[in-house]
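A short write-up of the structure that comes next.
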Amino acid sequence: MKYKANNFIIDGLKAEKIAKKYHTPLYCYSYKDLKKNIDNFKNSFKNVDPIICFSVKSNSNKFLLKEIGKLGLGADVVSIGELMRSLKSGIKPNKIVFSGVGKTTNEISYAINQKILLINTESRSEILEIEKIAKLKKKIVNIGIRLNPNTDANTLSQISTGKKENKFGVSKKTFLDLVNYVKNSKNLRLKCLSVHIGSQILENRPYEKMLKVIEKIIKKSKFRFEYIDLGGGMGIDYEKKNKHYNFKKYSLSIKKFVKKFNSKIIFEPGRSIIGSSGILISKVIYVKEGYKKDFVILDAAMNDLMRPALYNAKHIILPVKKNNKKSKKIYEFVGPICESTDKFSTIKKFQKLNKKDLIIICDVGAYGMSLSSNYNLRPKIAEVIIKNSKIRVISKRQSINNLM
Ligand SMILES: *Cc1c(COP(=O)(O)O)cnc(C)c1O
(Lines give C-alpha, C1' and ligand atoms only; values in the text may rest on other atoms or scores of the structure.)
Protein backbone atom coordinates (compact mmCIF):
# COMPACT_ATOMS: atom_id res chain seq x y z
CA MET A 1 0.00 0.00 0.00
CA LYS A 2 1.51 3.27 -1.13
CA TYR A 3 0.95 6.49 -3.10
CA LYS A 4 1.60 6.76 -6.80
CA ALA A 5 1.13 10.19 -8.40
CA ASN A 6 -0.88 11.27 -5.32
CA ASN A 7 -3.20 8.27 -5.55
CA PHE A 8 -3.46 5.62 -2.85
CA ILE A 9 -2.64 2.25 -4.39
CA ILE A 10 -3.30 -1.20 -2.94
CA ASP A 11 -1.51 -4.09 -4.63
CA GLY A 12 -1.34 -2.08 -7.83
CA LEU A 13 -4.98 -0.96 -7.83
CA LYS A 14 -6.27 2.56 -7.21
CA ALA A 15 -8.29 2.84 -4.00
CA GLU A 16 -10.44 5.45 -5.75
CA LYS A 17 -11.47 2.99 -8.45
CA ILE A 18 -12.25 0.28 -5.91
CA ALA A 19 -14.44 2.71 -3.97
CA LYS A 20 -16.27 3.76 -7.12
CA LYS A 21 -17.04 0.19 -8.10
CA TYR A 22 -17.87 -1.32 -4.71
CA HIS A 23 -19.08 1.83 -2.89
CA THR A 24 -18.24 2.99 0.59
CA PRO A 25 -17.75 2.30 3.42
CA LEU A 26 -15.75 -0.74 2.37
CA TYR A 27 -13.30 -3.13 3.97
CA CYS A 28 -10.52 -4.00 1.57
CA TYR A 29 -7.89 -6.68 2.24
CA SER A 30 -4.62 -7.46 0.55
CA TYR A 31 -3.94 -11.17 0.11
CA LYS A 32 -0.28 -10.35 -0.48
CA ASP A 33 -0.01 -8.68 2.90
CA LEU A 34 -1.86 -11.51 4.65
CA LYS A 35 0.49 -14.07 3.15
CA LYS A 36 3.49 -11.92 4.02
CA ASN A 37 2.38 -11.77 7.67
CA ILE A 38 1.85 -15.53 7.83
CA ASP A 39 5.24 -16.23 6.22
CA ASN A 40 6.89 -13.80 8.61
CA PHE A 41 5.25 -15.44 11.64
CA LYS A 42 6.21 -18.93 10.46
CA ASN A 43 9.79 -17.92 9.68
CA SER A 44 10.29 -16.12 12.95
CA PHE A 45 9.31 -19.18 14.95
CA LYS A 46 10.77 -21.79 12.64
CA ASN A 47 13.20 -22.93 15.33
CA VAL A 48 10.34 -23.96 17.66
CA ASP A 49 8.13 -25.50 14.97
CA PRO A 50 4.84 -24.44 16.58
CA ILE A 51 1.23 -25.22 15.79
CA ILE A 52 -0.19 -21.83 14.74
CA CYS A 53 -3.89 -21.44 15.42
CA PHE A 54 -5.36 -18.26 13.93
CA SER A 55 -7.55 -16.41 16.40
CA VAL A 56 -10.87 -16.46 14.54
CA LYS A 57 -12.41 -13.71 16.65
CA SER A 58 -10.02 -11.21 15.06
CA ASN A 59 -11.57 -11.85 11.64
CA SER A 60 -14.09 -14.58 10.88
CA ASN A 61 -14.66 -13.96 7.18
CA LYS A 62 -15.22 -17.34 5.47
CA PHE A 63 -13.02 -16.64 2.46
CA LEU A 64 -10.16 -15.37 4.63
CA LEU A 65 -10.43 -18.39 6.95
CA LYS A 66 -10.20 -20.70 3.95
CA GLU A 67 -7.09 -18.93 2.68
CA ILE A 68 -5.52 -18.88 6.13
CA GLY A 69 -6.23 -22.61 6.45
CA LYS A 70 -4.67 -23.25 3.03
CA LEU A 71 -1.58 -21.39 4.18
CA GLY A 72 -1.23 -23.98 6.92
CA LEU A 73 -2.75 -22.40 9.99
CA GLY A 74 -5.22 -23.95 12.41
CA ALA A 75 -7.83 -22.06 14.41
CA ASP A 76 -8.32 -20.73 17.91
CA VAL A 77 -12.07 -20.41 18.48
CA VAL A 78 -14.14 -18.97 21.30
CA SER A 79 -17.69 -20.00 20.39
CA ILE A 80 -19.59 -22.77 18.63
CA GLY A 81 -20.15 -20.36 15.73
CA GLU A 82 -16.44 -19.85 15.23
CA LEU A 83 -15.82 -23.57 15.63
CA MET A 84 -18.42 -24.51 13.01
CA ARG A 85 -17.19 -21.88 10.58
CA SER A 86 -13.57 -22.98 10.98
CA LEU A 87 -14.52 -26.59 10.24
CA LYS A 88 -16.61 -25.45 7.28
CA SER A 89 -13.61 -23.50 5.99
CA GLY A 90 -11.65 -26.71 5.79
CA ILE A 91 -9.55 -26.36 8.93
CA LYS A 92 -8.91 -29.82 10.37
CA PRO A 93 -10.23 -30.57 13.88
CA ASN A 94 -6.74 -31.62 15.02
CA LYS A 95 -5.62 -28.02 14.43
CA ILE A 96 -8.40 -26.36 16.42
CA VAL A 97 -8.28 -25.20 20.03
CA PHE A 98 -11.35 -23.92 21.88
CA SER A 99 -10.73 -21.09 24.39
CA GLY A 100 -13.04 -18.90 26.47
CA VAL A 101 -14.32 -18.50 30.03
CA GLY A 102 -17.91 -19.59 29.48
CA LYS A 103 -18.38 -22.53 27.16
CA THR A 104 -21.92 -23.83 27.38
CA THR A 105 -22.97 -27.50 27.63
CA ASN A 106 -24.03 -27.39 23.99
CA GLU A 107 -20.69 -25.94 22.88
CA ILE A 108 -18.67 -28.47 24.88
CA SER A 109 -20.74 -31.36 23.57
CA TYR A 110 -20.27 -30.23 19.96
CA ALA A 111 -16.52 -29.73 20.44
CA ILE A 112 -16.17 -33.24 21.90
CA ASN A 113 -18.06 -34.77 18.98
CA GLN A 114 -15.78 -32.99 16.50
CA LYS A 115 -12.65 -34.37 18.20
CA ILE A 116 -10.79 -31.07 18.21
CA LEU A 117 -7.19 -30.83 19.41
CA LEU A 118 -7.91 -29.22 22.76
CA ILE A 119 -10.56 -27.64 24.87
CA ASN A 120 -8.72 -25.04 26.92
CA THR A 121 -10.61 -24.81 30.20
CA GLU A 122 -10.69 -21.78 32.44
CA SER A 123 -12.34 -22.89 35.71
CA ARG A 124 -12.95 -25.77 38.06
CA SER A 125 -16.69 -25.78 37.27
CA GLU A 126 -16.00 -25.91 33.55
CA ILE A 127 -13.69 -28.90 34.02
CA LEU A 128 -16.40 -30.70 36.00
CA GLU A 129 -18.93 -29.93 33.26
CA ILE A 130 -16.63 -31.29 30.52
CA GLU A 131 -15.97 -34.39 32.61
CA LYS A 132 -19.69 -34.95 33.10
CA ILE A 133 -20.41 -34.66 29.38
CA ALA A 134 -17.42 -36.86 28.46
CA LYS A 135 -18.63 -39.53 30.89
CA LEU A 136 -22.12 -39.53 29.37
CA LYS A 137 -20.60 -39.88 25.91
CA LYS A 138 -18.15 -42.52 27.20
CA LYS A 139 -15.27 -40.53 25.77
CA ILE A 140 -11.85 -39.31 26.83
CA VAL A 141 -11.41 -35.61 26.14
CA ASN A 142 -8.12 -33.76 25.70
CA ILE A 143 -8.01 -30.57 27.67
CA GLY A 144 -5.73 -27.71 28.54
CA ILE A 145 -5.91 -25.57 31.63
CA ARG A 146 -5.49 -21.83 31.20
CA LEU A 147 -3.26 -20.26 33.79
CA ASN A 148 -3.67 -16.65 34.83
CA PRO A 149 0.03 -15.87 35.32
CA ASN A 150 -0.63 -12.47 36.90
CA THR A 151 1.69 -10.74 34.42
CA ASP A 152 1.13 -7.20 33.22
CA ALA A 153 1.10 -7.14 29.42
CA ASN A 154 1.74 -3.40 29.45
CA THR A 155 -0.97 -2.75 26.90
CA LEU A 156 -4.38 -1.00 26.91
CA SER A 157 -6.16 -2.02 30.12
CA GLN A 158 -9.23 -3.05 28.09
CA ILE A 159 -7.25 -5.72 26.24
CA SER A 160 -5.14 -6.97 29.13
CA THR A 161 -6.09 -10.51 30.16
CA GLY A 162 -3.32 -11.96 32.31
CA LYS A 163 -3.50 -9.95 35.51
CA LYS A 164 -5.05 -11.31 38.65
CA GLU A 165 -8.00 -8.92 38.46
CA ASN A 166 -8.92 -10.26 35.00
CA LYS A 167 -11.58 -12.95 34.59
CA PHE A 168 -9.35 -15.19 32.46
CA GLY A 169 -7.59 -18.39 33.46
CA VAL A 170 -7.13 -19.81 36.96
CA SER A 171 -4.81 -18.79 39.78
CA LYS A 172 -1.54 -20.62 40.32
CA LYS A 173 -2.91 -22.44 43.36
CA THR A 174 -6.08 -23.53 41.56
CA PHE A 175 -3.98 -24.59 38.58
CA LEU A 176 -1.95 -26.99 40.71
CA ASP A 177 -5.10 -28.36 42.38
CA LEU A 178 -6.73 -28.91 38.99
CA VAL A 179 -3.68 -30.67 37.55
CA ASN A 180 -4.00 -33.17 40.38
CA TYR A 181 -7.71 -33.54 39.83
CA VAL A 182 -7.51 -34.08 36.08
CA LYS A 183 -4.58 -36.52 36.40
CA ASN A 184 -6.94 -38.90 38.15
CA SER A 185 -9.95 -38.40 35.91
CA LYS A 186 -11.07 -41.30 33.74
CA ASN A 187 -12.69 -39.10 31.10
CA LEU A 188 -10.27 -36.20 30.88
CA ARG A 189 -6.74 -36.22 29.60
CA LEU A 190 -4.58 -33.27 30.58
CA LYS A 191 -2.50 -32.25 27.60
CA CYS A 192 -1.83 -28.56 27.77
CA LEU A 193 -1.01 -25.54 29.84
CA SER A 194 -2.35 -22.44 28.15
CA VAL A 195 -1.91 -18.71 28.70
CA HIS A 196 -2.85 -15.52 26.88
CA ILE A 197 -1.87 -12.34 28.69
CA GLY A 198 -3.41 -9.76 26.39
CA SER A 199 -3.34 -8.13 23.01
CA GLN A 200 -1.37 -5.48 21.10
CA ILE A 201 1.80 -6.28 23.07
CA LEU A 202 4.83 -4.51 21.65
CA GLU A 203 7.54 -5.36 24.17
CA ASN A 204 9.28 -8.57 24.97
CA ARG A 205 9.35 -8.14 28.71
CA PRO A 206 5.76 -9.25 29.46
CA TYR A 207 6.29 -12.48 27.51
CA GLU A 208 9.62 -13.14 29.22
CA LYS A 209 7.98 -12.69 32.61
CA MET A 210 5.14 -14.96 31.57
CA LEU A 211 7.58 -17.69 30.49
CA LYS A 212 9.27 -17.53 33.90
CA VAL A 213 5.93 -17.95 35.68
CA ILE A 214 5.04 -20.92 33.48
CA GLU A 215 8.40 -22.49 34.07
CA LYS A 216 7.98 -22.30 37.82
CA ILE A 217 4.50 -23.74 37.80
CA ILE A 218 5.38 -26.64 35.51
CA LYS A 219 8.19 -27.58 37.85
CA LYS A 220 5.85 -27.35 40.82
CA SER A 221 3.20 -29.46 39.13
CA LYS A 222 5.69 -32.23 38.26
CA PHE A 223 3.52 -32.89 35.22
CA ARG A 224 4.66 -33.26 31.63
CA PHE A 225 2.53 -31.16 29.33
CA GLU A 226 2.48 -32.37 25.76
CA TYR A 227 1.51 -28.86 24.64
CA ILE A 228 2.21 -25.38 25.92
CA ASP A 229 -0.19 -22.88 24.38
CA LEU A 230 1.33 -19.42 24.63
CA GLY A 231 -1.69 -17.59 23.19
CA GLY A 232 -1.41 -14.60 20.85
CA GLY A 233 -1.19 -10.90 21.48
CA MET A 234 1.77 -9.82 19.36
CA GLY A 235 1.24 -6.16 18.54
CA ILE A 236 1.38 -4.30 15.24
CA ASP A 237 2.58 -0.82 14.33
CA TYR A 238 -0.75 1.08 14.30
CA GLU A 239 0.83 4.49 14.73
CA LYS A 240 3.65 3.90 12.21
CA LYS A 241 6.30 4.69 14.76
CA ASN A 242 8.39 1.75 13.73
CA LYS A 243 7.42 -0.09 16.88
CA HIS A 244 7.21 -3.66 15.68
CA TYR A 245 6.99 -6.66 17.89
CA ASN A 246 10.34 -8.47 17.98
CA PHE A 247 9.39 -12.05 17.06
CA LYS A 248 12.97 -13.24 16.76
CA LYS A 249 13.90 -12.36 20.33
CA TYR A 250 10.81 -14.10 21.66
CA SER A 251 11.48 -17.21 19.60
CA LEU A 252 14.97 -17.54 21.13
CA SER A 253 13.52 -17.47 24.65
CA ILE A 254 10.91 -20.02 23.69
CA LYS A 255 13.52 -22.26 22.15
CA LYS A 256 15.37 -22.35 25.46
CA PHE A 257 12.11 -23.01 27.27
CA VAL A 258 11.15 -25.87 24.95
CA LYS A 259 14.47 -27.57 25.49
CA LYS A 260 13.73 -27.84 29.20
CA PHE A 261 10.23 -29.26 28.91
CA ASN A 262 10.11 -30.96 25.57
CA SER A 263 6.59 -29.72 24.84
CA LYS A 264 5.02 -28.71 21.52
CA ILE A 265 4.31 -24.98 21.34
CA ILE A 266 0.94 -23.63 20.21
CA PHE A 267 0.36 -19.98 19.25
CA GLU A 268 -2.96 -18.19 18.81
CA PRO A 269 -2.15 -15.01 16.85
CA GLY A 270 -4.94 -12.87 15.40
CA ARG A 271 -3.92 -9.25 15.01
CA SER A 272 -0.35 -9.95 13.86
CA ILE A 273 -1.71 -12.12 11.02
CA ILE A 274 -4.60 -10.11 9.64
CA GLY A 275 -4.41 -6.62 11.24
CA SER A 276 -2.20 -4.82 8.75
CA SER A 277 -3.75 -6.45 5.70
CA GLY A 278 -7.06 -4.58 5.81
CA ILE A 279 -8.10 -0.97 5.27
CA LEU A 280 -11.45 0.75 5.54
CA ILE A 281 -12.32 3.12 2.68
CA SER A 282 -14.83 5.78 3.62
CA LYS A 283 -16.37 8.88 2.07
CA VAL A 284 -16.79 12.31 3.60
CA ILE A 285 -20.50 13.13 3.87
CA TYR A 286 -20.07 16.63 5.26
CA VAL A 287 -17.40 18.84 6.75
CA LYS A 288 -18.97 20.80 9.58
CA GLU A 289 -17.59 23.73 11.53
CA GLY A 290 -17.48 23.30 15.28
CA TYR A 291 -16.41 25.71 18.03
CA LYS A 292 -12.74 24.85 17.92
CA LYS A 293 -12.38 22.25 15.23
CA ASP A 294 -14.06 20.99 12.11
CA PHE A 295 -15.90 17.70 12.14
CA VAL A 296 -15.28 15.49 9.15
CA ILE A 297 -18.42 13.38 9.06
CA LEU A 298 -17.71 10.05 7.37
CA ASP A 299 -20.05 7.43 5.99
CA ALA A 300 -18.24 4.85 8.20
CA ALA A 301 -19.13 4.79 11.87
CA MET A 302 -18.41 3.03 15.14
CA ASN A 303 -20.72 0.17 14.18
CA ASP A 304 -18.40 -0.57 11.22
CA LEU A 305 -15.17 -0.11 13.15
CA MET A 306 -15.57 -0.12 16.90
CA ARG A 307 -11.96 -0.15 18.13
CA PRO A 308 -11.58 3.61 18.59
CA ALA A 309 -14.87 3.88 20.51
CA LEU A 310 -14.31 0.69 22.51
CA TYR A 311 -10.63 0.96 23.41
CA ASN A 312 -9.71 4.48 22.41
CA ALA A 313 -7.53 2.71 19.84
CA LYS A 314 -5.51 4.71 17.32
CA HIS A 315 -5.69 4.14 13.56
CA ILE A 316 -3.91 6.26 11.00
CA ILE A 317 -6.18 8.08 8.54
CA LEU A 318 -4.95 8.96 5.07
CA PRO A 319 -6.47 10.69 2.04
CA VAL A 320 -7.20 8.54 -1.01
CA LYS A 321 -6.04 11.41 -3.21
CA LYS A 322 -3.38 13.81 -1.99
CA ASN A 323 -4.02 17.47 -2.84
CA ASN A 324 -1.14 19.10 -0.93
CA LYS A 325 -3.47 21.76 0.53
CA LYS A 326 -3.19 21.77 4.33
CA SER A 327 -6.29 22.54 6.35
CA LYS A 328 -5.92 25.38 8.87
CA LYS A 329 -8.51 23.74 11.11
CA ILE A 330 -8.13 20.73 13.36
CA TYR A 331 -10.15 17.87 11.94
CA GLU A 332 -12.08 15.41 14.04
CA PHE A 333 -13.08 12.38 11.98
CA VAL A 334 -16.46 11.13 13.17
CA GLY A 335 -19.26 8.82 12.05
CA PRO A 336 -22.97 9.69 11.75
CA ILE A 337 -24.04 7.63 14.82
CA CYS A 338 -25.76 9.26 17.77
CA GLU A 339 -22.97 8.66 20.29
CA SER A 340 -20.20 11.04 21.26
CA THR A 341 -17.74 8.13 21.20
CA ASP A 342 -18.47 7.68 17.49
CA LYS A 343 -15.18 9.26 16.45
CA PHE A 344 -12.07 7.84 14.86
CA SER A 345 -9.31 10.38 15.29
CA THR A 346 -8.48 14.05 15.79
CA ILE A 347 -5.81 15.30 13.42
CA LYS A 348 -4.00 18.61 13.04
CA LYS A 349 -2.79 19.72 9.62
CA PHE A 350 -4.58 17.08 7.58
CA GLN A 351 -5.06 18.07 3.98
CA LYS A 352 -8.13 20.14 3.19
CA LEU A 353 -11.16 17.90 2.77
CA ASN A 354 -14.46 18.46 1.06
CA LYS A 355 -17.76 16.69 0.70
CA LYS A 356 -17.38 13.38 -1.23
CA ASP A 357 -13.61 13.12 -0.69
CA LEU A 358 -12.40 9.62 0.15
CA ILE A 359 -10.21 8.65 3.08
CA ILE A 360 -8.63 5.45 4.32
CA ILE A 361 -8.49 4.13 7.86
CA CYS A 362 -5.42 1.88 8.16
CA ASP A 363 -4.74 -1.48 9.82
CA VAL A 364 -8.33 -2.55 10.38
CA GLY A 365 -8.00 -6.21 9.30
CA ALA A 366 -8.25 -7.43 12.89
CA TYR A 367 -11.20 -6.63 15.16
CA GLY A 368 -12.70 -4.47 12.44
CA MET A 369 -15.46 -6.33 10.63
CA SER A 370 -15.62 -9.00 13.35
CA LEU A 371 -16.63 -6.39 15.94
CA SER A 372 -19.12 -4.64 13.66
CA SER A 373 -22.83 -4.47 14.39
CA ASN A 374 -26.15 -3.20 13.09
CA TYR A 375 -26.34 -0.39 15.66
CA ASN A 376 -28.58 2.46 14.50
CA LEU A 377 -29.98 -0.16 12.07
CA ARG A 378 -27.05 0.40 9.77
CA PRO A 379 -26.46 -2.46 7.31
CA LYS A 380 -23.15 -4.34 7.60
CA ILE A 381 -20.70 -3.14 5.00
CA ALA A 382 -19.03 -5.15 2.23
CA GLU A 383 -15.59 -6.75 2.31
CA VAL A 384 -13.37 -7.22 -0.75
CA ILE A 385 -9.95 -8.76 -1.22
CA ILE A 386 -7.27 -8.19 -3.81
CA LYS A 387 -5.58 -11.42 -4.80
CA ASN A 388 -3.36 -11.73 -7.87
CA SER A 389 -4.38 -8.22 -8.99
CA LYS A 390 -8.05 -9.23 -9.04
CA ILE A 391 -10.74 -7.94 -6.72
CA ARG A 392 -13.38 -10.17 -5.31
CA VAL A 393 -16.23 -9.55 -2.94
CA ILE A 394 -15.83 -11.82 0.08
CA SER A 395 -18.80 -10.54 2.00
CA LYS A 396 -21.71 -8.68 0.47
CA ARG A 397 -23.06 -5.40 1.74
CA GLN A 398 -26.24 -6.03 3.71
CA SER A 399 -29.28 -4.43 2.16
CA ILE A 400 -31.71 -2.32 4.14
CA ASN A 401 -34.34 -4.94 3.33
CA ASN A 402 -32.24 -7.56 5.15
CA LEU A 403 -32.83 -5.50 8.26
CA MET A 404 -36.55 -4.86 7.87
C1 LIG B 1 -8.11 -12.76 21.46
C2 LIG B 1 -7.31 -13.94 21.77
C3 LIG B 1 -6.18 -14.26 21.00
C4 LIG B 1 -5.67 -13.40 19.86
O5 LIG B 1 -5.08 -12.23 20.27
P6 LIG B 1 -4.31 -11.28 19.21
O7 LIG B 1 -3.93 -10.10 20.02
O8 LIG B 1 -5.28 -10.93 18.15
O9 LIG B 1 -3.15 -12.03 18.69
C10 LIG B 1 -5.53 -15.44 21.29
N11 LIG B 1 -5.93 -16.25 22.29
C12 LIG B 1 -6.99 -15.97 23.06
C13 LIG B 1 -7.39 -16.91 24.12
C14 LIG B 1 -7.72 -14.81 22.84
O15 LIG B 1 -8.77 -14.52 23.60
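The values are calculated or read from the model by the stated rules, or taken from the named source; none is laboratory data. Owing to the predicted nature of the structure, the values given are computational and were not obtained by experimental measurement. Here the Cβ is made from the backbone with ideal geometry for all residues, glycine too, and neighbour counts use every protein chain on show. To get the accessible areas, we keep the full protein, side chains included, count just its heavy atoms, and leave off ligands, DNA and RNA. Shrake-Rupley method; radii C 1.70, N 1.55, O 1.52, S 1.80 Å.
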task: Ignoring everything but the protein chains, give the 1.4 Å probe accessible area of E332 in square angstrom, nearest 10.
output: 20
query: Name the residues of the stretch 351-394 whose amide N is less than 13 Å from a point 7 angstrom out from the Cα of H23 along the C-beta direction?
result: 379-383
message: Which chymotrypsin sites (Phe, Trp or Tyr not before Pro) in the stretch 287-356 sit in a loop by DSSP (not H, G, I, E or B) and have at most 13 other Cβ atoms within 10 Å of their own Cβ?
response: Y291
- prompt: Just the projected area, averaged over all directions, of the convex hull on the alpha carbon atoms of the stretch 1-98: how many nm²?
  reply: 7.8
- prompt: Where the convex hull is taken over the Cα atoms of the stretch 64-167, what is its projected area averaged over directions, in nm²?
  reply: 7.4
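When the accessible area of the chain is computed with all protein chains present and a 1.4 Å probe, what percentage of it is carbon and sulfur? Don't skip to the answer; put the middle values down first.
On the way: 9910 of 19400 Å².
Roughly 51 percent of what the probe reaches on the chain is carbon or sulfur.
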query: How do the peptides 242-248, 145-151, 85-91, 10-16 rank, highest first, by the average count of neighbouring beta carbon atoms within 10 Å per residue?
result: 145-151, 85-91, 10-16, 242-248
- prompt: So what's Rg/Rh here for the stretch 256-385, counting alpha carbon atoms and using the Kirkwood radius for Rh?
  reply: 1.12
message: Let me check something: with ligands and nucleic acids excluded, how do K321, K328 order by accessible area (1.4 Å probe), largest to smallest?
response: K328, K321
message: Could you work out [θ]222 nm for the chain from helices alone, using -39500 (n - 2.57) per DSSP H run of at least four and dividing by all its residues? Round to the nearest 500 deg cm²/dmol.
response: -8500 deg cm²/dmol
- request: Measure up K36/K356; K355/K396; K314/K356 against 29 Å on the Cα-Cα distance and list the ones that go over.
  value: K36/K356
- prompt: How long are the three semi-axes of the equivalent ellipsoid for the chain, computed from the Cα gyration tensor as the root of 5 times each eigenvalue, in whole Å, largest first?
  reply: 41, 22, 20
message: Place a point 7 Å from Cα of N7 in the direction of its Cβ. Which residues in the stretch 335-367 have their backbone N less than 13 Å from it?
response: none
E339 accessible area, assembled protein chains, probe 1.4 Å, Å²: 80
query: So for the pair K222, K259, with labels modelled 7 Å out along Cα→Cβ, what separation do we get in nm?
result: 2.7
query: Please state the relative contact order of the chain as a whole percent: Cα pairs under 8 Å, 6+ residues apart?
result: 19
- prompt: So what's the angle, to the nearest 10 degrees on a 0 to 90 scale, between helix 31-44 and the longest Cα principal axis of the chain?
  reply: 40
23 Å Cα-Cα threshold exceeded, pairs from K103/K167; K4/K293; K321/K348: K4/K293
query: Which distance in nm do the two modelled labels at K88 and N47 give, with both placed 7 Å along the Cα-to-Cβ direction?
result: 4.2
